[in-house]
Amino acid sequence: MADSINIPSTRVKRFQRLMLSLSNVSRTAFISLVGLFINYVLLNYKANSLLEAYVYCISLINLFLVFCNWGGKDYNTKLLVAAPDKLKDSLNAILSSRLLLFLPALLVVCLIPGPLSFKLFIAFYLLLKVSTSVFESVITVQKKFHLFLLIDFCLNLLLLLIICTDRNVNDIGLFLAELLGIECIRLLACLLFFKNYVDPRFNFKKGFALVSASKNYFFIALAGFICSKADLYAVGLTLHKGQMSTYFIILNLVGLSQIGYATLVSTFSSNIFRYTTASFKNFASSSLKTGLLYSILSTMVIYLLCNYYYHIRLDFLFTFLVLINLLIFTMVLIEMYNFTRMEKQHIILKALIIAGVLNITLSPVLCFYLGLTGAFLSNTLGGFLTLAFFKLNLYYARD
């Protein structure tokens, strides 16, 4: 009798966990898809100046966010989970640390070249993004995935409706104001639903302590960002803004494909970390076949979207590089799980640093001579170097 009662309850719990995971994955995927649709609207129905301004501002904000989100979501979640009874104090420390990091970033924003309107937008939008990102960990700890999936769906749908119906073709100020307005509503929603955990009295002592404690997480995040995004900034510095906008769209499509595969693999992460060496070898072998099939299908979709949806011509060489880039990513991801399973995260950090240095030094040179193809070639070579570093470490570890 007890077993018959336990089985349904276990199934219900599994179903609930599955729905929470689907909500979280759907939220991430939906936000990415909205970004791609905004790119499409700006590219086809607005003046080029709007898309160029959008890419310029968002690229700079993403760069500053790596610094301002010091430690990132993983460390924040770990901190909140460690002391659930002190969630308000922990959140206050995180908010205080983010404010401390925002101040030097604000100084750099004032020094970057560009119109005053751009600088003001970057400063305010960065502050809003930094503030809302703090609550991502609270959403995870409190398991509010369904609620914020609905909130993000409504806000992004509202943003799309505004952009599509505002009849604004070339007013950059109005477009940036629309983005700010939506982000303000998102922050207000976070403050409303988590008001019991928000303490407006900032504690800079705790903030400094948290910055120091989470520095290793920042280094991994920074290295990963350089590996994946250095070529985008090389394009912006070497080529004109129109080409940066085109490359931005291509990278977003590739990035969305990578997120899809990473999400697929993460579904089995709890099992992967318990694998023996022999079991992991079998898993890695089957993952290679899955990764190859996924890379081929994703490359076909990216090719079709670029050529027929965004009207961006991808030649054979660039398309082939997309395939190799995605395949290498699938292999690198599996190796990262392997080293995490063996508690060797320091090797992951070393690999990301080496690949990041390669990308940040090689991408301007290749971009200068080969254009967008050279930039993406640098990105792909960085992934290949990461994979080679992992394989060499495994080879010498056996010896």
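The numbers here are math on the coordinates, done by the rules we state, and not lab data. All values derive from a computational prediction rather than experimental measurement. With ideal geometry, Cβ positions are generated from the backbone for all residues, glycine too; neighbour counts draw on all protein chains shown.
Which one, 80, 45, 200, is farthest towards the positive end of the dipole of the range 2-206 when Lys and Arg carry +1 and Asp and Glu -1 on their Cβ? Highest projection toward the positive end goes to 80.
Given R0 = 22 Å, the distance between the Cβ atoms of residue 345 and residue 395 translates into a calculated FRET efficiency of 0.70. Taken one residue at a time, the phi angles of the range 207-217 give Karplus couplings (6.51, -1.76, 1.60, θ = phi - 60°) of x, 4, 4, 5, 4, 5, 5, 9, 4, 5, 5 Hz. Gly and Pro are set to x.
Taking trypsin sites (Lys or Arg not before Pro) across the range 100-162, the ones in a DSSP loop with at most 15 further Cβ atoms lying within 10 angstrom of their Cβ are 143. What number comes out for the charge environment of residue 99, summing +1 per Lys or Arg and -1 per Asp or Glu over other residues with Cβ under 15 Å away? Taking every other residue near residue 99 into account, the sum is +4. Each residue of the range 326-335 was assigned a 3J(HN,Hα) from its phi angle through the Karplus expression (A = 6.51, B = -1.76, C = 1.60, θ = phi - 60°), giving 5, 5, 4, 4, 4, 6, 5, 4, 5, 5 Hz with x at Gly and Pro.
Using only DSSP helix segments of four residues or longer, with each worth -39500 (n - 2.57), what per-residue ellipticity at 222 nm results for the chain after dividing by its residue count and rounding to 500? Estimated from H runs of four or more residues: -30000 deg cm²/dmol. Subtracting the Cα-Cα distance of residue 297 and residue 147 from 0.36 nm times their residue separation leaves 50.7 nm of extension gain. Modelled spin-label separation between residue 31 and residue 47, with each label point placed 7 Å from Cα along the Cα-to-Cβ direction: 3.1 nm. For the range 106-189, the Kirkwood hydrodynamic radius comes to 14.4 Å, computed from all pairs of different C-alpha atoms. In this structure, residue 171 and residue 191 have a Cβ-Cβ separation that, at R0 = 41 Å, corresponds to a calculated FRET efficiency of about 0.85.
Computed on the Cα atoms alone, the convex hull of the range 2-206 gives a volume of 133 cubic angstrom per residue.
Using r as the Cβ-Cβ distance of residue 208 and residue 88, and R0 as 22 Å, what FRET efficiency do you calculate, to the nearest 0.05?
FRET efficiency, residue 208 to residue 88: 0.70.
Projecting the alpha carbon convex hull of the chain along each direction and taking the average yields 22.5 nm².
Separation of the range 179-244 from the range 289-303 is 31 Å, based on Cα centroids.
Qualifying trypsin sites (Lys or Arg not before Pro) in the range 177-267, where qualification requires a DSSP coil assignment and no more than 16 other C-beta atoms within 10 Å, comprise 201.
Over the range 236-398, the fraction of Cα-Cα pairs per 10 Å bin, rounded to whole percents and listed from the shortest bin up, is 10, 36, 34, 16, 4, 0. Here the 3J(HN,Hα) profile of the range 45-57, calculated from phi with Karplus coefficients 6.51, -1.76 and 1.60 at θ = phi - 60°, is 10, 10, 5, 4, 5, 5, 5, 5, 5, 4, 5, 4, 5 Hz, Gly and Pro shown as x. Stokes-Einstein diffusion for the range 141-292 at 37 °C, viscosity 0.692 mPa s, with a Kirkwood radius from C-alpha pairs, works out to 159 µm²/s.
In terms of distances greater than 24 angstrom between alpha carbons, the cross-link table entries 129/344; 143/229; 78/143; 86/143 yield 129/344; 143/229.
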